[in-house]
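Read the structure below first, then the notes.
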Amino acid sequence: MNCRECGQDNPDDARYCQHCGSRMDAGEARSVPQEEVGASGPPEDRNAYGGFWVRAGAYLLDAVIIGVPQVLAQLVISPETMVPREPGDPMPPAELAWFLVNVVVGWLYWAGMHSSQYQATLGKLVFGLRVVDYHGERISFMRATGRHFATILSAMILMIGYIMVAFTRRRQALHDLIAQTVVVRKEWLR
């Protein structure tokens, strides 16, 4: 469908014009009033997206929400795995098992919450953020899984993948670019 404001061709299911940011409604585009979304609309207005510090705060809250129960469960069930090892010692099977359990729990939490009806983890909900695709729609569990594991790449390159949030037009981290997602403030979703 073509945008009424700029004439740019957009996918039929687009909520906003990918070029000018005008809202696309029922086959027709309408320009979103400035007081509703700012000067350019969500695709162009940096204020529509979750910035570096608010996303960092949401992540830290999520780390506490998921990390504290994981550590307590490990401490109660298998306290011997909490003892530091000497450098070079092989990882005991119980410690490896807990590592794998923590990876799976983290994956199910982040991917499950991002692909849920809430479109956000508990930390993002508290901070008023949502993870959506480029059309403003909820992402699938598979896309959320890819996004979650792409965070490893964001961290591996000296955290530069995360720092990119401060410098990209739509405040996307490397894992957002890979998964073709954006983190938006909930008031921008209609």
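Provide the solvent-accessible area of Met142, counting protein heavy atoms only and rolling a 1.4 Å probe, rounded to the nearest 10 Å².
Here the residue's solvent-accessible area equals roughly 140 Å².
Roughly speaking, what is the stretch gain from Glu187 to Ala155, that is 0.36 nm per residue apart minus the C-alpha to C-alpha distance, in nm to one decimal?
8.6 nm
Per residue and in cubic angstrom, what volume does the convex hull of the Cα atoms of the chain have?
With only Cα atoms used, the chain gives 125 Å³ per residue.
When only Cα pairs under 8 Å and 6 or more residues apart are kept, what is the percent relative contact order across the chain?
Relative contact order here is 20 percent.
In debye, nearest 20: dipole of the chain around its Cα centre with unit charges on the Cβ of K, R (+) and D, E (-)?
Here the chain has a charge dipole of around 260 debye.
What would the Debye formula give as log10 I(q)/I(0) at q = 0.13, 0.15 Å⁻¹ for the alpha-carbon point model of segment 143-190, no solvent?
Debye curve over Cα of segment 143-190, log10 I(q)/I(0) at q = 0.13, 0.15 Å⁻¹: -0.29, -0.37.
As I understand it, the value is the acute angle between the Cα axis of helix 93-114 and the longest principal axis of the Cα atoms of the chain; what does it come to in degrees, rounded to 10?
Tilt relative to the chain: about 20 degrees.
Only sites in a loop by DSSP and with at most 11 other Cβ atoms within 10 Å count here; which chymotrypsin sites (Phe, Trp or Tyr not before Pro) in segment 84-190 make the cut?
Phe167
Per residue, how much accessible area does segment 54-190 show when a 1.4 Å probe rolls over the protein heavy atoms, in square angstrom?
For segment 54-190, the per-residue accessible area is 56 Å².
Give me the one-decimal nm value for the distance between modelled label points at Phe141 and Phe167, 7 Å along each residue's Cα-to-Cβ direction.
Label at Phe141, label at Phe167, 3.7 nm between them.
To the nearest 20 debye, what charge dipole does segment 124-190 have about its Cα centre, counting +1 at the Cβ of each Lys and Arg and -1 at the Cβ of each Asp and Glu?
I would put it at about 220 debye.
Tell me, what are the semi-axes, in whole angstrom and largest first, of the equivalent ellipsoid of segment 78-177 as set by the roots of 5 times the Cα gyration tensor eigenvalues?
31, 18, 11
Sorting Ser140, Ser78 by accessible area (1.4 Å probe), largest first, what list results?
Ranked from most to least accessible, the order is Ser140, Ser78.
The values are calculated or read from the model by the stated rules, or taken from the named source; none is laboratory data. Fair warning: this is a prediction, and the values are worked out from it, not measured in the lab. We place every Cβ from the backbone using ideal geometry, glycine too, and count neighbours over all the protein chains shown. Each accessible area value is taken on the protein alone, full model and side chains, heavy atoms only, with ligands, DNA and RNA left out. Shrake-Rupley method; radii C 1.70, N 1.55, O 1.52, S 1.80 Å.
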